[in-house]
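Quick notes on the structure that follows.
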Protein chains: 2
Amino acid sequence: MTAEDSAAAQAWQAMRSLVLDSNDKREAVSAALGMSFIRAKALRHLAPGPMSMSELAKSLATDASYTSIVVEDLAARGLVGRSVHPADRRVKIVTITATGLDAAQQAERIIGAPPPAFRALAEERLATLLGLLDELLSIEARSSGDSLETA
Amino acid sequence: MTAEDSAAAQAWQAMRSLVLDSNDKREAVSAALGMSFIRAKALRHLAPGPMSMSELAKSLATDASYTSIVVEDLAARGLVGRSVHPADRRVKIVTITATGLDAAQQAERIIGAPPPAFRALAEERLATLLGLLDELLSIEARSSGDSLETA
DNA sequence: GCGGTTATTTGTAGGCGTACGATTATTAGC
DNA sequence: GCTAATAATCGTACGCCTACAAATAACCGC
């Protein structure tokens with residue numbers, strides 16, 4: 001194990017610890033919204049705009065059949081609506097409602113709120129951190145974008 | 001939303017994305033070891049040394065009764081052994097076997113391996129990143145003193 | 001129009017984990 | 001000794017999610 005390996009492993013472990021230990025807000029989101037986490041996740045994914053069932057299923061990485069159950073439940077709560085795609089009547093378009101958007105934003109507020117430690121970090125160091133994280137993400141995007149540009 | 005909030009939120013989102021999107025190795029660990037993730041987690045927690053059932057349950061944040069099921073399964077696989085506490089015969093001490101340690105180390109290798117992007121980062125930047133992450137962790141440790149948990 | 005394909009839904013079976021209640025063995029307090 | 005508390009286990013019921021198989025409706029190429 002070289003020194004670089006060790007530093008990379010330590011950074012990875014630290015990052016995992018920050019995200020997974022005591023900053024996992026999934027339970028809090030479920031409790032606040034009164035629904036399973038994947039339902040809240042569906043709302044968050046639908047917030048930017050409508051999506052077909054299959055697109056939603058892919059985006060949530062869930063089975064198509066289970067996606068139907070989730071959307072049916074969200075529709076029963078009045079958080080999403082379903083309409084038929086005008087050009088392809090097989091496709092159903094799922095659209096978030098105003099109430100649903102409120103719930104999605106509430107979830108986003110809980111999940112997206114950075115841990116207190118982030119706010120305690122000096123502004124300049126925070127900027128450095130953000131730059132490094134963005135660099136990591138762009139490296140990831142480059143290397144995985146080569147092999148798959150999925151339709 | 002101030003600029004600091006935004007930077008902190010962006011950094012938090014980026015970090016969450018790095019850890020949770022496409023670098024979640026739990027499924028890989030389950031597949032490699034042929035057991036549910038919580039069983040692998042139990043092995044990793046037992047690797048440093050023996051533990052009583054109740055200690056293990058607390059460390060895994062699982063119900064005591066379910067912990068019995070998990071340990072029974074691990075014992076049936078020969079990955080852990082159970083013995084009675086010499087001073088309190090109610091207590092059972094769970095000890096990892098050599099085979100179990102192999103499995104735990106295999107899991108640790110899979111989970112602890114930093115994503116490729118980390119290795120593509122320049123050595124000096126990696127050191128900077130590690131320093132910032134350690135700073136965040138130490139801030140966390142200072143402010144919320146007694147929560148030591150590892151996923 | 002016919003046959004094959006696709007999108008969605010329904011149904012079924014099961015794994016994983018949570019939450020409790022009850023049981024047994026053992027220890028500790030009085 | 002008797003009683004209460006504790007550690008572990010067993011049992012049961014349930015929620016959440018996966019994985020398939022099958023049914024239905026609508027599309028597409030021919």
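The values are calculated or read from the model by the stated rules, or taken from the named source; none is laboratory data. Just so we're clear, the structure is a prediction, and the values are computed from it rather than from any experiment. Neighbour counts run over all protein chains shown; Cβ positions are idealised from the backbone, glycine included. Note: accessible area is taken over every heavy atom of the protein model, side chains too, but ligands, DNA and RNA are not part of it. Shrake-Rupley method; radii C 1.70, N 1.55, O 1.52, S 1.80 Å.
Within region B:118-137, residues that are facing chain A (nearest Cβ under 7 Å) have Cβ atoms under 6 Å from residues that are open to solvent by 50 Å² or more (accessible area, probe 1.4 Å) and acidic (Asp, Glu) in these pairs: B:123/A:4, counting only partners at least 6 apart in sequence or on another chain. Residue pairs whose Cβ atoms lie under 7 Å apart, separated by 6 or more positions or on different chains, with the first residue in region B:90-115 and within 14 Å of chain A (Cβ to nearest Cβ) and under 25 Å from residue A:16 (Cα atoms) and the second away from DNA strand C (no atom under 16 Å from the Cβ) and small (Gly, Ala, Ser), are B:112/A:9; B:114/A:8; B:114/A:9; B:114/A:11. Taken together, A:117, A:64, A:40 contain a single residue that is open to solvent by 40 Å² or more (accessible area, probe 1.4 Å) and touching a helix residue (DSSP H, G or I) at 6+ places or on another chain (Cβ under 8 Å), which is A:64. Has region B:11-20 got any residue that is within 16 Å of DNA strand D (Cβ to nearest atom) and either within 14 Å of chain A (Cβ to nearest Cβ) or buried (at least 17 other Cβ atoms within 10 Å of the Cβ) (or both)? Yes, region B:11-20 contains at least one residue that is within 16 Å of DNA strand D (Cβ to nearest atom) and either within 14 Å of chain A (Cβ to nearest Cβ) or buried (at least 17 other Cβ atoms within 10 Å of the Cβ) (or both). Out of curiosity, is residue B:57 small (Gly, Ala, Ser) and either within 11 Å of DNA strand D (Cβ to nearest atom) or open to solvent by 40 Å² or more (accessible area, probe 1.4 Å) (or both)? Spelling it out, residue B:57 is indeed small (Gly, Ala, Ser) and either within 11 Å of DNA strand D (Cβ to nearest atom) or open to solvent by 40 Å² or more (accessible area, probe 1.4 Å) (or both). With respect to the conditions (1) within 24 Å of residue B:84 (Cα to Cα); (2) in a loop (DSSP other than H, G, I, E, B); (3) among the acidic types (Asp, Glu), residue B:24 falls short on a single one, namely (1).
Residues that are closer than 30 Å to residue A:112 by Cα, away from DNA strand C (no atom under 13 Å from the Cβ), modelled with pLDDT of 95 or more and in a helix (DSSP H, G or I) do occur in region B:45-54, at least one of them. Residues in region A:83-102 that are more than 9 Å from DNA strand D (Cβ to nearest atom) and in a loop (DSSP other than H, G, I, E, B): 1 in all. The residue of region A:22-37 that is nearest to residue A:102 (Cα to Cα), among those that are more than 11 Å from DNA strand C (Cβ to nearest atom) and open to solvent by 60 Å² or more (accessible area, probe 1.4 Å), is A:26.
Being out of contact with any Ser or Thr (no Cβ under 9 Å at 6 or more places or on another chain) and of a type outside the set (Gly, Ala, Ser), is that true of even one residue in region B:75-82? Scanning region B:75-82, I find no residue that is out of contact with any Ser or Thr (no Cβ under 9 Å at 6 or more places or on another chain) and of a type outside the set (Gly, Ala, Ser), so the answer is no.
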